[in-house]
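*Asks:* Dropping a structure here in structure tokens format, bear with me for questions.
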Amino acid sequence: MIAKMTIHPQVADTDLFGAIDYLAVTRWFDRARTPIYQELFPRFQLKPHGLVVVKVTVDYLEEMRVDDRLEARSWTSRIGNKSFDITQELWRTREDGGEEKCAVSVSIFSTINFNYHKSEPLNEHFLNVLRKYSEARSDDNAT
């Protein structure tokens, strides 16, 4: 399953040249992970068992503008013993109805027990949610 979220750029998301600023893209990707977060933490209770971000990479492939129709797609791309990766893509819908990939991000998360400040194995609930989002890739659905 892929978590999809429509992105509505705002003027505040642009730089001095009218292009979407790279910081806006990182915020959009974080927001687009919300459905996965909500399933991992149904009451958003992060303690004592929570997550920390270990690394985030973003590749910017195409310039984006404020009037672009954008969609963020998120899925689990790796599940380890104590960590996992979420891959995300930002797609633009062209006027002809086709799509083009504008950005790709991989975020690495590690579990943490805040009481002990140590990583711990992914629990069964986490594994079930992460497996649910690991069944498809975004570009398998692209035209």
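*Asks:* Quick one: would you say Lys55 is closer than 30 Å to Leu122 by Cβ, modelled with pLDDT of 95 or more and among the charged types (D, E, K, R)?
*Replies:* yes
*Asks:* What are the residues in the stretch 105-117 that are touching a helix residue (DSSP H, G or I) at 6+ places or on another chain (Cβ under 9 Å) and either within 27 Å of Met64 (Cα to Cα) or assigned to a loop (DSSP other than H, G, I, E, B) (or both), if any? Give the derivation first.
*Replies:* Initially, the stretch 105-117 is screened for residues touching a helix residue (DSSP H, G or I) at 6+ places or on another chain (Cβ under 9 Å), giving 105, 107, 111.
Passing the criteria: Ser105, Ser107.
This table checks each residue for (1) touching a helix residue (DSSP H, G or I) at 6+ places or on another chain (Cβ under 9 Å); (2) aromatic (Phe, Trp, Tyr); (3) under 21 Å from Pro121 (Cα atoms); (4) modelled with pLDDT of 95 or more.
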site	(1), (2), (3), (4)
Thr34	no, no, no, no
Tyr37	no, yes, yes, no
Tyr60	yes, yes, no, yes
Met64	yes, no, no, yes
Asp67	no, no, no, no
Leu70	yes, no, no, yes
Ile79	yes, no, yes, yes
Asp85	no, no, yes, yes
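*Asks:* I would also like to ask the following. Give me the pairs: first residue in the stretch 30-50 and more than 14 Å from Ile2 (Cβ to Cβ), second residue surrounded by 11 or more Cβ atoms within 10 Å (Cβ to Cβ) and among the aliphatic types (A, V, I, L, M), beta-carbon distance under 6 Å, and six or more apart or on different chains, which are they?
*Replies:* Between residues of the stretch 30-50 that are more than 14 Å from Ile2 (Cβ to Cβ) and residues that are surrounded by 11 or more Cβ atoms within 10 Å (Cβ to Cβ) and among the aliphatic types (A, V, I, L, M), the close pairs are Leu40/Val129; Gly50/Ile112.
*Asks:* Next question, about the same structure. Taking the criterion of being hydrophobic (A, V, I, L, M, F, W, C) and either assigned to a helix (DSSP H, G or I) or in contact with a helix residue (DSSP H, G or I) (Cβ under 6 Å, 6 or more places away or on another chain) (or both), would at least one residue in the stretch 41-57 satisfy it?
*Replies:* Of all residues in the stretch 41-57, those hydrophobic (A, V, I, L, M, F, W, C) come to 41, 44, 46, 51-54, 56.
Narrowing the set further to residues that are either assigned to a helix (DSSP H, G or I) or in contact with a helix residue (DSSP H, G or I) (Cβ under 6 Å, 6 or more places away or on another chain) (or both) leaves none.
For the stretch 41-57, residues hydrophobic (A, V, I, L, M, F, W, C) and either assigned to a helix (DSSP H, G or I) or in contact with a helix residue (DSSP H, G or I) (Cβ under 6 Å, 6 or more places away or on another chain) (or both): absent.
The values are calculated or read from the model by the stated rules, or taken from the named source; none is laboratory data. All values reported here derive from a predicted model rather than from experimental measurement. Neighbour counts run over all protein chains shown; Cβ positions are idealised from the backbone, glycine included.
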